[in-house]
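Worksheet: the structure to be examined is printed underneath.
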Amino acid sequence: MNELGFTWIDTGIILAKIVIVIVVNLLILMIMELAERRVSAFIQDRLGPNRVGPEGLFQAVADGIKFFFKEEIFPAGADKVLYTLAPLLVLVPALMTFAAIPFGHAAELFGRTIPLQIVDLNVGILFIFALVSLGVYGVVLGGWASNSKYPFLGGLRASAQMISYELSLGMSIIGIIMITGSLRLSSIVEYQSGMLFGFLPRWNIFLQPLAFVTFLVASFAEANRLPFDLAESEPELVGGYHTEYSSMKFAMFFMGEYVALITTSAVLATLFFGGWDFPWVDEAALGGWGVLLSLLAFALKTGFFLFLFLWVRWTIPRFRFDQLMRLGWKILIPLALVNILLTGAGLLLVH
Amino acid sequence: MGVKNVGYRPKRWDRSYFPGILAGMWITIKHFFSKKYTVSYPEERWPVPPGHRGAIRLNKDEQGRIKCVACEMCSTACPAKCISMKAGVAPWPDREKYPVEFTIDMLRCILCGMCEEACPEEAIQLTEIYDFSAYTREDLIWDKERLLRNYDLTADGKYFDRSKEETGL
């Protein structure tokens with residue numbers, strides 16, 4: 001035991017949690033890679049890839065093998081260090097974001113309480129937003145280091161877009177922080193586990209519907225998903241910031257994008273849909289079953305948002321750049337500010 | 001002259017994107033659950049409509065003999081000039097000639113069905129076989145035996161119930 005009160009067992013538990021979270025994330029990522037195509041196919045009345053394994057479940061493996069055997073290309077005049085670093089800069093922060101997200105009710109195992117969260121930071125939300133904005137650097141650097149027009153334009157767009165939407169993203173959750181009184185994600189989840197008017201779960205979406213809308217739209221832009229994927233924008237920029245990338249580096253960009261999608265969905269579920277809270281059930285009273293139930297609730301909520309991302313992608317056409325900026329600066333930020341004002345007024349009325 | 005504006009003026013509510021987005025998402029989710037049009041080819045086959053003009057066959061009569069009398073009407077009618085034959089004296093008493101060789105170059109054939117229309121004996125016909133690709137060019141130059149085998153495969157109208165191995169295509 002050291003001066004922090006940590007034993008080797010504690011460290012082992014944390015390491016185990018990290019490994020489990022990363023493995024689960026990568027598994028979901030594989031499923032997402034397939035789901036993206038199959039959902040798009042289903043929406044377009046097709047069947048989609050269903051040949052590799054049952055219902056095409058191993059499609060991601062086939063893709064991985066394909067990516068491994070592709071040639072690594074360095075464009076002439078590319079900055080080799082940044083060019084190699086950029087895909088990592090997209091993937092790693094996206095994976096790290098999950099560290100602060102609570103994904104289940106604390107479990108009791110061998111007389112020891114294990115919170116199902118890697119680190120319960122007291123500034124959890126800030127940590128998440130800091131890492132989410134780090135992800136932009138990968139895109140921007142990747143675009144710049146390629147030494148090519150289209151990736152450069154893609155990177156440029158990404159930087160402008162991310163900076164604008166970062167603001168509304170951050171501002172729309174201030175309302176939640178105001179009513180919860182904490183930046184700690186576990187207390188935000190616990191705050192949402194009550195009941196509203198006796199029948200509604202006290203989720204933040206019912207308390208902060210406006211914030212939910214602005215946050216959802218901004219998170220689409222942050223995750224670089226259609227309708228806001230201007231950094232990629234195939235018809236205009238060939239492939240956007242990853243035009244020049246090939247092989248595993250390209251795959252890493254995609255993995256980063258999907259992991260960011262998973263974490264964004266998890267954050268949305270945590271902040272607005274009660275995290276691991278299963279409505280109308282007291283998890284603490286149920287023991288082990290409560291933990292499983294909370295994990296299930298969290299998975300279902302995250303899964304719903306993942307589906308929503310796909311669903312929206314295959315529904316809405318891409319925004320023009322000026323429309324994107326207009327929506328970000330002229331609509332979302334004022335709305336977020338109004339939400340802060342309304343929340344403040346509401347809090348004054350309650351007290 | 002006053003200007004008559006007939007264009008669509010979006011309302012403020014429309015300009016918020018919400019009605020459009022929600023309507024669009026309703027449409028896509030309906031399609032998500034609707035019938036899929038994909039035909040999973042080797043397992044499922046496209047049901048061929050009657051009158052489909054697919055691969056060519058040479059018909060046989062009730063005694064299993066080739067119906068063709070080598071009159072060369074088909075090769076004359078053929079706009080792609082893909083039919084060639086060599087006539088010989090028929091071994092049967094009821095006709096004078098029969099084709100000793102009969103070759104259709106399916107690489108040239110445009111599946112127009114003119115040969116079928118020209119034939120006085122209903123000896124040459126187009127079938128419902130549409131999956132007759134091959135690995136070499138030689139495999140697509142069909143001789144008499146190949147064309148007669150097409151008849152055996154399709155005569156009962158159950159070509160699509162046969163397995164890939166059975167058809168040998």
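We did not get these values from a lab; they are worked out from the coordinates using the rules stated. Everything quoted here is computed from the prediction, not taken from an experiment. All Cβ positions, even for glycine, are placed from backbone atoms using ideal geometry, and neighbour counts span all protein chains on display.
Overview of results
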{"quantity": "Mean ellipticity per residue at 222 nm, deg cm²/dmol - from DSSP H runs of n ≥ 4 across the protein assembly as shown, formula -39500 (n - 2.57)", "calculated": "-16500 deg cm²/dmol"}
{"quantity": "Scattering profile of segment A:172-272 at q = 0.18, 0.19, 0.22 Å⁻¹ [log10 I(q)/I(0), Debye over alpha-carbon scatterers]", "calculated": "-0.86, -0.92, -1.10"}
{"quantity": "Fraction in percent of alpha-carbon pairs per bin - 10 Å, the protein assembly as shown", "calculated": "3, 14, 19, 18, 13, 10, 9, 7, 4, 1, 0, 0"}
{"quantity": "Enclosed volume per residue, in Å³, of the convex hull spanned by Cα atoms of segment A:129-216", "calculated": "94 Å³"}
{"quantity": "Length-normalised contact order for chain B - Cα pairs under 8 Å, 6+ apart - percent", "calculated": "23 percent"}
{"quantity": "Over chain A, relative contact order from alpha-carbon pairs under 8 Å, at least 6 apart, %", "calculated": "23 percent"}
{"quantity": "Most mobile listed residue (A:275, A:303, A:56) in chain A, GNM with C-alpha springs under 10 Å", "calculated": "A:56"}
{"quantity": "Within 10 Å of each Cβ in B:24-34, the average number of Cβ atoms from other chains", "calculated": "5"}
{"quantity": "Gain in span if fully extended, residue A:133 to residue A:289, counting 0.36 nm per residue against the direct Cα distance", "calculated": "52.5 nm"}
{"quantity": "Net dipole in debye of chain B [+1 Lys, Arg Cβ; -1 Asp, Glu Cβ; about Cα centre; nearest 20]", "calculated": "1620 debye"}
{"quantity": "Sparse-neighbour loop sites [chymotrypsin sites (Phe, Trp or Tyr not before Pro); segment A:67-99; at most 16 other C-beta within 10 Å; DSSP]", "calculated": "A:69"}
{"quantity": "Axial C-alpha extent at least 18 Å, average Kyte-Doolittle at least 0.0 - helices from chain A (DSSP)", "calculated": "A:8-43, A:80-97, A:124-145, A:149-172, A:209-222, A:247-272, A:288-313, A:333-350"}
{"quantity": "Low-density loop positions, chymotrypsin sites (Phe, Trp or Tyr not before Pro), segment B:114-158 - DSSP coil, at most 10 other Cβ in 10 Å", "calculated": "B:135"}
{"quantity": "Distance histogram for segment B:39-123 (every C-alpha pair counted, 5 angstrom bins, percent rounded to whole numbers)", "calculated": "3, 13, 21, 21, 16, 11, 8, 4, 2, 1"}
{"quantity": "Ranked A:177, A:128, B:83, A:9, criterion: other C-beta atoms within 10 Å, fewest first", "calculated": "A:9, A:177, B:83, A:128"}
{"quantity": "Principal axis box of segment B:73-149, alpha-carbon based, largest edge first, Å", "calculated": "40, 23, 21"}
{"quantity": "Cα centroid of segment B:94-111 to Cα centroid of segment A:238-307, whole Å", "calculated": "66 Å"}
{"quantity": "For residue A:104, distant residues with modelled amide H under 5 Å away", "calculated": "A:116"}
{"quantity": "Burial ranking of peptide ranges A:11-21, B:65-75, B:94-104 (average Cβ count within 10 Å, highest at the top)", "calculated": "B:65-75, B:94-104, A:11-21"}
{"quantity": "Listed pairs A:70/A:149; B:35/B:158; A:330/B:30; A:80/A:330; A:17/A:249; A:149/A:249 exceeding 31 Å between Cα atoms", "calculated": "A:330/B:30; A:80/A:330"}
{"quantity": "Segment B:11-73: chymotrypsin sites (Phe, Trp or Tyr not before Pro) in DSSP loop, at most 11 other beta carbons within 10 Å", "calculated": "B:37"}
{"quantity": "Residue mean of other protein chain beta carbons inside 10 Å, A:44-52", "calculated": "3"}
{"quantity": "Segment A:1-71: Cα Rg divided by the 2.2 N^0.38 Å rule of thumb", "calculated": "1.72"}
{"quantity": "Computed Rg/Rh of segment B:1-157, alpha carbon atoms with Kirkwood Rh", "calculated": "1.37"}
{"quantity": "Anchor residue B:81: aspartates and glutamates whose Cα lies under 12 Å away (excluding residues fewer than 8 positions away in-chain)", "calculated": "B:72, B:105"}
{"quantity": "Highest-first arrangement of A:182-194, A:306-318, where packing means the average Cβ count within 10 Å", "calculated": "A:182-194, A:306-318"}
{"quantity": "Sites residue A:51 and residue B:94, calculated FRET efficiency, Cβ-Cβ separation with R0 60 Å, nearest 0.05", "calculated": "0.65"}
{"quantity": "Where labels lie 7 Å past Cα in the beta-carbon direction, separation of residue A:300 and residue B:149 in nm", "calculated": "5.9 nm"}
{"quantity": "Dimensions in Å of segment A:236-321 - Rg and Dmax from alpha carbons", "calculated": "17.8, 56"}
{"quantity": "Between segment A:122-138 and segment A:145-170, the alpha-carbon center distance in angstrom", "calculated": "16 Å"}
{"quantity": "Relative contact order (percent, whole number), segment A:206-351, Cα cutoff 8 Å, 6+ residue spacing", "calculated": "31 percent"}
{"quantity": "GNM flexibility winner over chain B from B:76, B:136, B:28 (Cα, springs under 10 Å)", "calculated": "B:28"}
{"quantity": "Per-pair calculated FRET efficiency, R0 = 25 Å: residue B:161 and residue B:63 via Cβ, rounded to 0.05", "calculated": "0.45"}
